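Report on one structure; see the data block that follows.
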C-alpha cells in the first residue's frame, strides 16, 4: 500500500509519518510543500504532480487549514482516499464541497480526530451508553493549549481561517457529537485576544451549546497556556454531569513529572496517532470509511462557523448544517 | 472590639459562624424559629439561646443572619431598625429589588451591612487575588470557575422561589469571585438545565476590560464529593486550583463520615473566622471590609442577569453600577 503525506505545513505530518513508519508494510511518500520535517524512510517528491504521478492509495492532508479543500478535491479527482488534518475545513461550504467530492468519487474521506481513540473517552462513552450516569444534565469541556509558534501560518487568518476557535473547538466538538449522538441546536461564543497577545486572531474563546433534549455544554478552547509551561496533562478535559453519576476524563493525563534544575514533564499516554492511522489504513484497504469520518469533520466545521457567526451577532445563533 | 452577636438561624451555615464567633472571643445569643438553637449551642459549646427576635436585638451589638435566603430581607430590615451592624449570609436577598432596597437603606442610615461572600476568604481564592493583583499573570484573559456538589436533601433549598436554586446557592460565590478578579461585568449569557433534583447552570461573563469568564454551578443527585476549581489565564500566565487535588487529608475506610455541608478548609486559615474578623474590624474602624454591601449588590445584579438570560435565551447587558 502507498500512502502519501500531502504538505508538512502542520506539525502533525511528522507524527503521522512516524505512525505510518511504525505500521510497516506501507510505502510512504511526501510532498512537503516547502516545509521541513520529512523523516528518513519517506520518499520526498519535488512537486505535488510528482506525488500524484506516484499513484498513492491514500493521502494524509496536513496543509494549512484553508488549503484542505484544494487538496481534498484533487485527491477525489485522482480517486485517492483521504485522511484530513483537523479542522476539516475553514467554512461549511468548503467542508460540504470536500464531502460531496469524495462521495461522488467513491473515495474515503476521514477527519484526523485522534482523541476519539483515547481509552478514557471509550470508557466514558461506554459508561453513558450503559446508563451509569443516569440522564446527562451538562457537559463542560476544555481544549486549552499555547499559541502555536513553530509554524507562523496558525496565526495568519488567510491560512488558518482563525485562531483558538478554529484550532481547538473541533476536537471536543467531535467527542460531544459522538457521545450525545446529536448536534447542538444553538451556539453562543465569546472571545478575546488577551492571552499570548500580539496575534491577528483570537487567542481565547468560550463556546456555549444547547441540545434539543435540554442538555447544555460549554467549551473553553483558549490558547491560554504561556510559553514554556510544562505539560500538566490537561490538554483535553471533559466533565459530564449526570443524574446518577459524574465522569471526568483527561485523555492526556499520563505525564511523568519531576525536576532536574527545571521541571520535567514527559507524556506517556496512549499512542492515539497510531490508532488513527491504522483506522485510515483499514479504510483504504477496503474502501469503507472508519470513524471519525467526513461527517464527523463536517459537523464540527458547522459548529465552528456558528461560533464565529455568534461572535459577529453578539447573540446565540442556530446551528446550520 | 468585643461584641455580643445576635445570631439568627441555627441551621447549616450557623454551624460555621457560631464556632468562628466563639473562637474570636465574642458572646453570642441565638434565636431560631426552628427548634434547633439549643442543639446548635450544645454542639459548639457556647452561645445562649434567647426566646425572641426582640430579646436578640436587645442583647446584640451586631447581627448575623444565617437563615434561609427568602427571609434575609425582612430580618436585615429589622436589624437596621435597631441600628445594628449586620452580617448577612449570601445571597444578600432572594431578589434583586430587595437587595437594591436593602443596600440603599443601610447606606442611608450609615449602618454597616456585610454580605458573607466567604469564598473571598478561602485561602486559595485569597491567594489567587493576591497573585493576580501582583501581576503574576499579566492582564486577566479567561476565568473558569466551577462549583459542584450533591443536590440538597430537601427543604427550602429545593424550592426555587425560596432559595433561587443552584444559581443563588453556589454560583453567586463564583459570580463575586469572577468580578473580584476580572472587574465589572458588561454582558451575561447563561443556560440552565434541570433534570429532577439535578441542575447545572453555565454562565458566560464578558467583563468591561474585555476578559471573559465561564462559571459552572451544579447540584446533582449523583453521590459526588463537593468540589471547587478555578483556572485563571492571563496575558502571560496561568493560575489554577482544584479542591480535588493536593488534599492535606484523605480517608479511605469503612467509617461513615459525619454529614457536613461545609467544604474542606484548614482551621489555621478558617475562611469563616476570617470573614467575621474582617467584618468586626470594619465595624470598629470604619475601614471597608474585603467584601462590601455594594459587592453583594453587584453579585445580585449579575445573578439576576444570569437568571434572565437563561430564561429568555439571549445575552443580557448590564449598565455600570452607580456609586452609592
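Per-structure values
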| quantity | calculated |
| --- | --- |
| Per residue Cα convex hull volume in Å³ - calculated over segment A:2-113 | 87 Å³ |
| Label point 7 Å beyond Cα of residue A:152 along Cβ direction - residues of segment A:170-209 with amide nitrogen under 17 Å | A:198-201 |
| Max mean-square fluctuation residue, GNM over chain A, Cα-Cα springs under 10 Å, options A:142, A:232, A:90 | A:232 |
| Tensor-based shape of chain B (alpha-carbon gyration tensor, a/c under 1.5 rounded, otherwise prolate or oblate) | rounded |
| Between 0 and 90°, nearest 10: helix A:12-23 axis offset from chain A longest Cα axis | 70 degrees |
| Expected-Rg normalisation [2.2 N^0.38 Å, Cα atoms] applied to the protein assembly as shown | 1.09 |
| Angle in degrees between helix B:271-285 and the longest Cα principal axis of chain B, rounded to the nearest 10 | 70 degrees |
| Exercise: per-residue mean of other protein chain Cβ atoms within 10 Å, A:181-192 | 3 |
| Overall form of segment B:39-194 per C-alpha gyration tensor (a/c, 1.5; a/b vs b/c) | prolate |
| Compactness of chain A as Cα Rg over 2.2 N^0.38 Å, two decimals | 0.98 |
| Linear extension gain, residue A:100 paired with residue A:49, 0.36 nm per residue minus alpha-carbon span | 16.0 nm |
| Residue among B:289, B:257, B:115 with the largest mean-square fluctuation in a Gaussian network model of chain B, springs linking Cα atoms under 10 Å | B:257 |
| Gyration tensor (alpha-carbon) shape descriptor, segment A:162-321, a/c threshold 1.5 | oblate |
| Taking the C-alpha atoms of segment A:121-193, convex hull volume expressed per residue in Å³ | 128 Å³ |
| Degrees, to the nearest 10: B:172-182 long Cα axis against longest axis of chain B | 60 degrees |
| Three semi-axes of the equivalent ellipsoid, segment B:130-186, Cα gyration tensor, whole Å, largest first | 31, 12, 8 |
| Highest to lowest packing among B:30-37, B:230-237, B:119-126, scored as the average C-beta count within 10 Å | B:230-237, B:119-126, B:30-37 |
| Share of Cα-Cα pairs in segment B:4-117 lying beyond 20 Å, as whole percent | 34 percent |
| Per-residue average of Cβ from other chains inside 10 Å of A:138-151 | 2 |
| Most mobile listed residue (A:301, A:247, A:59) in chain A, GNM with C-alpha springs under 10 Å | A:247 |
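Read-outs throughout are calculated quantities, based only on the coordinates presented, and are distinct from any laboratory measurement. Keep in mind that what you see is a predicted model, and the values were worked out from it rather than measured. Cβ coordinates were reconstructed from backbone atoms using ideal geometry, including for glycine residues, and neighbour counts include every protein chain displayed.
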